[in-house]
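Asks: Input: one structure, supplied below.
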Amino acid sequence: QRGLDAIFGVAEQLPLEDATCDQALMVTTICFVDDPQKSLQEMHRILKPGGEAIIGFVDKESPVGQTYLKYKDKSRFYSDANFFSADEIGDMLLASGFTDLRFVQTLFSGLDEVHSVHGLKDGYGEGSFVVARGVKEKG
């Protein structure tokens, strides 16, 4: 109805041809895939040279990440999650062949204290929600 064609698959084996996408986006998903490294390698495979992988996640070292870890076993939603730090995501992106990494962060308070939209800040280490971007080198 909205002009979109859904393609079903799993992150570790994307049903797309090599070098066919300009961007690949994974938001609050990397903590749930069976093999995060393979998922990023698949993103790299499907991207055209110069294409971008964008990963949005809760940094496990942040206040919200620490809260999620503390109550992980009691959460129906997060009990199967494997949370990562921004450094770990960066290392996985580099190991998958991405370069020119960039991080931005937001959510600078506890979840119970969020009453308005928070702005963005470059880097990571202060905000609980981080977005990492890696670029597939132009061949």
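Values quoted throughout were computed directly from the atomic coordinates according to the rules given, and no laboratory measurement underlies them. These numbers were taken from a predicted model, which means no experiment stands behind them. All Cβ positions, even for glycine, are placed from backbone atoms using ideal geometry, and neighbour counts span all protein chains on display.
Asks: Compare the Cα positions of Gln13, Gly50, Leu25 along the charge dipole of region 1-67 (+1 at Cβ of Lys, Arg; -1 at Cβ of Asp, Glu; about the Cα centre) and return the one farthest towards the positive end.
Replies: Leu25
Asks: How much net charge surrounds Thr99 when only other residues with a Cβ under 15 Å from its Cβ are counted (Lys, Arg +1; Asp, Glu -1)? Don't skip to the end; give the middle numbers.
Replies: Values: positive: Lys48, Arg102, Arg133, Lys136, Lys138; negative: Glu52, Asp91, Asp100, Glu137.
After counting each charged neighbour, the total is +1.
Asks: Could you go through region 4-21 in sequence order and give the Karplus-derived ³J(HN,Hα) for each residue, using 6.51 cos²θ - 1.76 cosθ + 1.60 with θ = phi - 60°, rounded to whole Hz, and x for Gly and Pro?
Replies: Taking θ as phi minus 60°, the curve returns 10, 10, 7, 10, 8, x, 10, 4, 7, 8, 5, x, 10, 6, 4, 6, 10, 10 Hz for region 4-21.
Asks: Ok, one more. To the nearest Å, what is the center-to-center distance of region 100-139 and region 10-30, using C-alpha atoms only?
Replies: Between the Cα centres of region 100-139 and region 10-30 lies a distance of 20 Å.
Asks: Treating each Cα of region 94-139 as an identical point scatterer and ignoring solvent, apply the Debye formula and state log10 I(q)/I(0) at q = 0.31 Å⁻¹.
Replies: Ignoring solvent entirely, the Cα scatterers give -1.07.
Asks: Rg/Rh for the chain: what does it come to with C-alpha atoms and Rh from Kirkwood?
Replies: Details: Rg = 15.7 Å, Rh = 15.9 Å.
Over the Cα atoms of the chain, Rg/Rh equals 0.99.
Asks: Of the lysine pairs in region 36-139, how many meet both conditions: Cα atoms under 19 Å apart, and a spacing of 8 or more in sequence or different chains? Write down the numbers at each step before the final one.
Replies: Working: Lys38/Lys48; Lys38/Lys136; Lys48/Lys136; Lys48/Lys138; Lys60/Lys70; Lys60/Lys72; Lys60/Lys74; Lys60/Lys121.
Lysine pairs meeting both conditions in region 36-139 amount to 8.
Asks: Another question, if that's okay. I'd like the antiparallel share, as a percent to the nearest 5, of DSSP beta bridges with both residues in the chain. Don't skip to the answer; put the middle values down first.
Replies: Values: 17 of 24 bridges.
If we restrict to bridges inside the chain, about 70 percent are antiparallel.
Asks: Pick out, in residue order, every one of the GluC sites (Glu not before Pro) in region 6-75 that is DSSP loop and has at most 15 other C-beta atoms within 10 Å; say none if there are none. Mind showing how you got there, number by number?
Replies: On the way: sites: Glu12, Glu17, Glu42, Glu52, Glu61; in loops: Glu12, Glu17, Glu61.
The qualifying sites are Glu12, Glu17.
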